[in-house]
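The values are calculated or read from the model by the stated rules, or taken from the named source; none is laboratory data. Predicted, not measured: the structure shown is a model, and the values here were computed from it. Reconstructed Cβ throughout: ideal geometry from the backbone, glycine too, with neighbour counts over all protein chains shown. Protein only, heavy atoms only, side chains kept; ligands, DNA and RNA dropped before computing areas. Shrake-Rupley method; radii C 1.70, N 1.55, O 1.52, S 1.80 Å.
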Amino acid sequence: MLPKVNIAHLPTPIEALPRLSKALGGPQVYMKRDDLTGLAFGGNKTRKLEFLLADAKTEGAKTLITAGAVQSNHCRQTVAAANRAGFDCILVLTGEKPLNPTGNNFLDQFMGADIIWAGGGNREQVLDSTFTEAKNSGKQPYLIPYGGSNTIGAAAFAFALKEMLNQEPDFDWVLFPSSSGGTQAGLVAGQKMFGYQGNVLGISIDNPAHELQERVSVLASETSRALGQEDEFSADDILVNDDFLGAGYGIMGDPELEALNLFARREGLLLDPVYTGRAAAGLIELIRSGYFTTDQNVLFWHTGGTPALFAQPYLNMLLAGEIAV
Ligand SMILES: *Cc1c(COP(=O)(O)O)cnc(C)c1O
């Protein structure tokens, strides 16, 4: 089995959302609380990092290097994991250093990450040169890919699917935001490996369905192999809905606002503006359009991201409009 460091609080709880379910008048909705993975405000990357950090240790690395957007949840959890396990951490972030850092970026800085700002240039190139420089200066760097989505990171979600089955095997649907694809690849690898009978549906955050299906199928096949299985997946095996891309990555629109309001006001549960807000907007629309039957059970996988609630411009947008829910 793959080596792992223990930093996550597992299993994360599964909770029923009866008031939300009633308000929407569709299936019974439940939530898998991976916003409570326990590391500096939690999120799905913490599961991946348990395996990635173990690999970094095996390789004798001293410095973790990864990249992302200014409000990257992955980067925030990577800094926290590095601090927890005794690594240094370098982040390569898109854009310029903000005058007043908020949300995840505030936390990155607060936790002492060494941040390289890629400006408007090519972030991949800056990441490459940052890695080479760290290597040449003896920092023994370990590169964590975007979103932690390689076979090692994705494997964590095969085990997460098993964790869910141990808690409650009877969900008809598992629904979650899907972006770099590691979460979905792990879940579908785990679905085959552990014989889950329901459907694993990713709501795409920022990619056309066919691209995400292709990427997830390749990564799921590789992840299966890394776990000693031989399951092969094709793009057609991967369920992705890309009807909710809105105006693009990180741009919160009315559907996300409504979803955040609804979950907050019916259940006291906080979503994030970029990922879970968009996936929940998808869930709400699918329920309204009769996609699920009322006797079904749907598990909404809360992948975290809540520190972005305190990032500008979201904070002001959330306060600006009274939304009837
Ligand atoms: C990274 C992230 C996702 C997407 O997970 P992938 O494995 O990249 O597809 C979803 N939700 C949140 C809150 C995230 O930070």
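Just so you know, in the stretch 175-196 the residues that are surrounded by 18 or more Cβ atoms within 10 Å (Cβ to Cβ) and among the aromatic types (Phe, Trp, Tyr) include one that is farthest from the ligand (Cβ to nearest atom), and it is Tyr196.
Touching a strand residue (DSSP E or B) at 6+ places or on another chain (Cβ under 6 Å) and outside any helix (DSSP H, G or I): does that describe Leu39? When the stated conditions are applied, Leu39 does not pass them.
Scanning the stretch 225-250 for residues that are touching a strand residue (DSSP E or B) at 6+ places or on another chain (Cβ under 6 Å) and either of a type in the set (Val, Ile, Thr) or touching a residue at least 60 places away in the same chain (Cβ under 8 Å) (or both) returns a single hit, Val240. Per the listing Glu222, Glu232, the residue uniquely farther than 29 Å from Val70 by Cβ and outside any helix (DSSP H, G or I) is Glu232. Does at least one position in the stretch 208-216 carry a residue that is within 13 Å of the ligand (Cβ to nearest atom), open to solvent by less than 10 Å² (accessible area, probe 1.4 Å) and in contact (Cβ under 8 Å) with a residue 12 or more places away in the chain? Yes, the stretch 208-216 contains at least one residue that is within 13 Å of the ligand (Cβ to nearest atom), open to solvent by less than 10 Å² (accessible area, probe 1.4 Å) and in contact (Cβ under 8 Å) with a residue 12 or more places away in the chain.
Could you tell me which residue of the stretch 16-35 is nearest to Ala56 (Cα to Cα), considering only residues that are open to solvent by 20 Å² or more (accessible area, probe 1.4 Å) and free of Cβ contacts under 8 Å to residues at least 60 places away in the same chain? Here the residue is Ala16. Being away from the ligand (no atom under 13 Å from the Cβ) and open to solvent by 30 Å² or more (accessible area, probe 1.4 Å), is that true of even one residue in the stretch 142-149? Yes, that holds for at least one residue. Going through (1) touching a helix residue (DSSP H, G or I) at 6+ places or on another chain (Cβ under 6 Å); (2) open to solvent by less than 40 Å² (accessible area, probe 1.4 Å); (3) of a type in the set (D, E, K, R) one by one, Glu163 falls short only on (1). The condition (being surrounded by fewer than 22 Cβ atoms within 10 Å (Cβ to Cβ), modelled with pLDDT under 95 and more than 16 Å from the ligand (Cβ to nearest atom)) is satisfied by just one residue among Asn199, Asn122: Asn122.
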